[in-house]
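Okay, structure first, notes after.
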Amino acid sequence: MKVLPLPTQARLKEVLDYNEDTGVFRWKKKTSKNSNVKIGQVAGTKELYIIIKIEKINYKAHRLAYMYVTGEDPGELDIDHDDKNKHNNAFSNLRKATRGQNKSNTNSYKNNKVGIKGVRKKGNRYKAQISKNGKSHYLGSYKTPEAAHKAYCEAADKYHGEFANYG
């Protein structure tokens, strides 16, 4: 998927105010004559992510926040929400990440029948596994889901470091 370049930091600061502590953007200036935004109004629509439209192009607010503060377009890198809340765009909650790192920072899937990340039941045992760079690593078979999850958590620290999520 091609990533569109972000507006420059100067352009963002011309049309938006950003509160680094709350992660909220407010309009400072209209971006086009036909724009119906009001100066001072909170910018963005709450979808899966907060989306802000500038000059007829939709941008994810967390990517704009990163550019607004650092002046750096993350390009092909993701901007990860450390706390997994896609609407919390406080700058302290945002960090650059590869796609793999970002995927590491997710909770267990809803279809996980055991309800514990990295653990699945097979027969009367619990299997632990973890993925890194698209490759699955088998961590062993355990009598209890807690023991399997402990193995997963240790592997998550090893393979994912600061992006480890035990969820």
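Tabulated data
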item	result
17 Å tail of the calculated P(r), segment 102-167, as % of Cα pairs	33 percent
Pair THR22, TYR138: separation of 7 Å Cα→Cβ label points (nm)	5.3 nm
Charge sum, other residues only, whose C-beta stays under 14 Å from VAL69's C-beta, Lys/Arg counted +1 and Asp/Glu -1	-1
Placed amide H near LEU139: partners under 5 Å, 5+ positions off or other chain	ALA128, GLN129, ILE130
Rounded FRET efficiency, nearest 0.05, which uses the C-beta distance separating GLN9 from GLN129 and R0 of 45 Å	0.60
Crossing angle, helix 61-70 versus the chain [Cα axis fit, 0-90 degrees, rounded to tens]	70 degrees
Nearest-0.05 FRET efficiency for LYS150 and LYS122, computed from C-beta distance (R0 22 Å)	0.80
Largest-first principal axis extents of the Cα set of segment 45-167 (Å)	58, 25, 23
The chain: angle of helix 145-160 to the longest principal axis, Cα-based, in degrees nearest 10	50 degrees
Potential lengthening between LYS29 and LYS96 on full extension [0.36 nm per residue; Cα-Cα distance subtracted]	21.3 nm
Entries of LYS117/LYS158; LYS56/LYS86; LYS33/LYS60 with Cα pairs more than 19 Å apart	LYS56/LYS86; LYS33/LYS60
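FYI, it's all coordinate maths here, none of it is from the lab. All values reported here derive from a predicted model rather than from experimental measurement. As a convention, Cβ positions derive from the backbone with ideal geometry for all residues, glycine included, and neighbour counts pool all protein chains shown.
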